[in-house]
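Structure, as structure tokens:
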Amino acid sequence: MKLRIKTQIAALALALSAGPALADINVGVVFSLTGPAASLGAETRKAIEFLPASLGGEKINYIVLDDATDPTNAVKNARKLVGEDKVDAIIGPNLITNGMAMVDVANEAKVPMLSIAPIDPAADKRTWAFRVEPTADIMVGRVVEDMKAKGVKTVGFIGFSDSWGELLLKALTQTTEAAGIKVVATERYARTDTSVTGQSLKVLSARPDAVFVGGSGTPAALPQTTLRERGYKGPIYQSHAVANREFLRLGGKNVEGARLPVAPVLVAEQLPDGHPNKAAGVAFLQQLEGKLGADSRSTFAGAAYDAGLLLENAMKEAIKSAKPGTPEFREGIRNALESTKGLVGVNGTYTLSAEDHGGYDPKAVVLIEVANGKWSLVK
């Protein structure tokens, strides 16, 4: 009997000395893997397998769901992740409409969400929502700088008839006004449209010095193709949301010469040595293309990877004082994200605060153009 008691006491002491067992860390991932934005979702998903598999000896589970380019599905996915899977954080989605729809879920459940899309929720809904992508005015502003340098005085706009198109038009209007450039035509089209002939003819009739296409992914190739086929010879600019190889494949020769602002990872090797994100970008591309093949790079994969870096950095702080799977751990992640200072990623450098849940450093942005079917840094 005494021996049994001693054994039990010894076992208890050993258990106590080992400390409390931590649960797995569950991270939800919501991307558009089907539907009109599938080419973007496929790119963002690439980075997930390169994110850390553990933290402090605890396994990290990534639960990937497809929102099918639909805000309703995005909300359903978010509710499943927080309700059934008990996730500690969410990465995604990659569309603004879906991201804004998921913000309410993140706030209600008090789960930090790192949107790949550049969402900008109102202050009262910002608490648990963060973004990895730079805002549209930062990216479009870089394009307008180039327009001004080229002597462009008028510009035509043809873009999506949704929140993304509206966001880009607003950014273009504000930045061109400041640069003394006039927007002389504004046309819209749906992501699923197969023809933009009517819109293109209206833009051409305004005789703009340049045209800005406010779209994303492969659907953004349609206006440029139509404009070129109709004989437009002026410069055409695209948004940063077209930076994937499917856009190049579909657009072919018609998208040659297109200029767009991008995060630095897309052309990491071409960056000057002094660029703060060059080393991180080159290392990520070696890892990504080493496994997925040449030209598998994209800024969308870079954004998802940076979301993982931001989350990992925050979780390292949160796990010091709270157990994964608990409200305290999730709050610790949120607080640590908000306190991020100068985190160097592959897509940019981030310094967040209570007032700025994105914190993207504009100096990271570079201008590129399509040259011989490839992305080329504009010197």
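Let me spell it out: the conditions are (1) within 17 Å of the chain's Cα centre (by Cα); (2) crowded, with 17+ Cβ neighbours inside 10 Å, and E49 meets all of them except one. Which number is the exception?
For E49, the failing item is (2).
Give me the residue from region 345-366 that is small (G, A, S) and in contact (Cβ under 8 Å) with a residue 24 or more places away in the chain and, out of that set, surrounded by the most Cβ atoms within 10 Å (Cβ to Cβ).
G348
Restricted to region 96-134, and to residues that are open to solvent by 10 Å² or more (accessible area, probe 1.4 Å) and of a type in the set (A, V, I, L, M), which residue is nearest to the chain's Cα centre (by Cα)?
I96
Would you point out which residue out of A301, A283, A294 is crowded, with 24+ Cβ neighbours inside 10 Å and under 25 Å from F247 (Cα atoms)?
A301
Can you name the residue in region 221-238 that is of a type in the set (S, T, Y) and without any contact (Cβ under 8 Å) to a residue 40 or more places away in the chain and, of all such residues, is farthest from L367 (Cα to Cα)?
T226
Say we look at region 245-258 and pick out the residues that are within 26 Å of A307 (Cα to Cα) and open to solvent by less than 40 Å² (accessible area, probe 1.4 Å); which of these is nearest to the chain's Cα centre (by Cα)?
F247
Does region 220-234 contain any residue that is assigned to a loop (DSSP other than H, G, I, E, B), over 28 Å from the mean Cα position of the chain (by Cα), buried (at least 22 other Cβ atoms within 10 Å of the Cβ) and of a type outside the set (D, E)?
No.
Does any residue in region 277-289 that is free of Cβ contacts under 8 Å to residues at least 40 places away in the same chain come within less than 6 Å, Cβ to Cβ, of a residue that is open to solvent by less than 30 Å² (accessible area, probe 1.4 Å) and not in a helix (DSSP H, G or I) six or more places away or on a different chain, and which pairs are these?
Once the first residue is free of Cβ contacts under 8 Å to residues at least 40 places away in the same chain and sits in region 277-289, its partners that are open to solvent by less than 30 Å² (accessible area, probe 1.4 Å) and not in a helix (DSSP H, G or I) give K278/L271; E289/S296.
Would you point out the residue of region 316-337, among those that are open to solvent by 20 Å² or more (accessible area, probe 1.4 Å) and touching a residue at least 60 places away in the same chain (Cβ under 8 Å), that is farthest from S115 (Cα to Cα)?
K323
Restricting attention to region 153-178, which residues are touching a helix residue (DSSP H, G or I) at 6+ places or on another chain (Cβ under 7 Å), at pLDDT 95 or above and open to solvent by less than 50 Å² (accessible area, probe 1.4 Å)?
V155, G156, F157, I158, G159, L168, A171, L172, T175, T176
Is it fair to say E369 is open to solvent by 10 Å² or more (accessible area, probe 1.4 Å), farther than 23 Å from K125 by Cβ and of a type in the set (D, E, K, R)?
So E369 passes the test.
Which one of the conditions (1) open to solvent by less than 20 Å² (accessible area, probe 1.4 Å); (2) among the hydrophobic types (A, V, I, L, M, F, W, C); (3) in a helix (DSSP H, G or I) does I60 fail to meet, given that it meets all the rest?
With respect to (1) open to solvent by less than 20 Å² (accessible area, probe 1.4 Å); (2) among the hydrophobic types (A, V, I, L, M, F, W, C); (3) in a helix (DSSP H, G or I), I60 is out only on (3).
Considering every residue within region 242-250, establish whether at least one is at pLDDT 95 or above and of a type in the set (V, I, T).
There is no residue in region 242-250 that is at pLDDT 95 or above and of a type in the set (V, I, T).
The values are calculated or read from the model by the stated rules, or taken from the named source; none is laboratory data. Everything numeric here is computed off the predicted structure, so don't read it as measured data. Neighbour counts run over all protein chains shown; Cβ positions are idealised from the backbone, glycine included. Accessible surface is based on the protein model in full, side chains and every heavy atom, while ligands, DNA and RNA are left aside. Shrake-Rupley method; radii C 1.70, N 1.55, O 1.52, S 1.80 Å.
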